[in-house]
Amino acid sequence: MAAEISTEAELRPSSGAFQGDMIVVEDLWKTYDMGSEQQVQALQGISLRMRRNEYVAIMGPSGSGKSTLMNLIGCLDTPSSGKYWLNGHLVSELNDDELARIRNKEIGFVFQTFNLLARATALHNVELPLIYNGTPSDERDQRAKAALAAVGLESRMQHKPNELSGGQRQRVAVARALVNNPSIILADEPTGNLDSKTGEEIMALFDDLHKKGNTIVLVTHEPDIAEYAHRVVHIRDGKIFSDEPSPRSNGAS
């Protein structure tokens, strides 16, 4: 039977009420069993809060734990111990089916490799999350068209990925992330497969989405990309090494 969050106390981290927090992580650990009694501590007691409408970059070198943290924030994995609340829901103890429902409702993903269906039009690619959650076809069509218009692709709705530029394909991916009106947009190296000019255009799009009220979590290893965010969290050896405003946050509205 699916677990239910039934009391107000369960919705509150031990340190107090959420008070506008979208993401609350408390003492999060992730241990991987490598066999032969060997274990890798990918995350070691991370505690972190992100407020609604924040724009946060998570940085770290390969092996730092940033990808593990991204998977946990994105409800793609569960922690070995510790607690994670997303938009008031205690998600760290949910099963796979429950996590899938939370992902579809609360999180919009943007990946480095776009992850678009090659034989489907831009419009159909954007409709996919709505198909999964059973949205009626007329509403799907309306919402997908609105999401594509929001990223400037009104004239490319019937084009397939191989008929689009890299930047246009990433815009389709962003529209797909937006179509369910998620609580957060989780972007994993969103400019990794783009040239620098196109990358700047995509980051300008994220700026615009943030100004419209979206909460954005950006995972990157590139300092110049991380600076687009207003707060930068550095992960090293499975722990938070630093957590500070980005240089451009001084001029952020």
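The values are calculated or read from the model by the stated rules, or taken from the named source; none is laboratory data. Predicted model only: the values in this text are computed from it and were never measured. In this analysis, Cβ positions are derived from the backbone assuming ideal geometry, glycine residues included, and neighbour counts consider all displayed protein chains.
Going by the conditions given, is Leu76 of a type in the set (A, V, I, L, M, F, W, C) and under 21 Å from Asn214 (Cβ atoms)? So Leu76 fits the description; yes.
Residue count for the range 203-253 satisfying the condition of being in a strand (DSSP E or B) and over 18 Å from Ile185 (Cβ atoms): 10. Of all residues in the range 14-54, those being in contact with a Lys or Arg (Cβ under 7 Å, 6 or more places away or on another chain), modelled with pLDDT of 85 or more, farther than 13 Å from Lys239 by Cβ and not hydrophobic (A, V, I, L, M, F, W, C) number 3. Within the range 72-85, take every residue that is over 17 Å from Asn133 (Cβ atoms) and hydrophobic (A, V, I, L, M, F, W, C) and give me the one that is surrounded by the fewest Cβ atoms within 10 Å (Cβ to Cβ). Among them, the one singled out is Leu76. Of the residues making up the range 139-153, one or more are under 20 Å from Asn214 (Cβ atoms), of a type in the set (Val, Ile, Thr), in a loop (DSSP other than H, G, I, E, B) and without any contact (Cβ under 8 Å) to a residue 60 or more places away in the chain.
Counting only residues that are in a loop (DSSP other than H, G, I, E, B), under 14 Å from the mean Cα position of the chain (by Cα) and in contact (Cβ under 8 Å) with a residue 60 or more places away in the chain, how many does the range 76-134 have? I'd like the intermediate steps shown before the answer.
Just the residues of the range 76-134 that are in a loop (DSSP other than H, G, I, E, B), to begin with: 76-80, 87-88, 91-95, 112-121, 133-134.
Next, only the ones that are under 14 Å from the mean Cα position of the chain (by Cα) stay: 76-77, 87, 112, 114.
Cutting the leftovers down to in contact (Cβ under 8 Å) with a residue 60 or more places away in the chain gives us 87, 112, 114.
Qualifying residue count, the range 76-134: 3.
A Cβ distance below 7 Å, combined with a sequence gap of six or more or placement on separate chains, defines the contacts here; from the range 208-236, residues that are on the phi < 0 side of the Ramachandran plot reach residues that are part of a loop (DSSP other than H, G, I, E, B) and aliphatic (A, V, I, L, M) in the pairs Leu218/Ala229; His230/Ala252.
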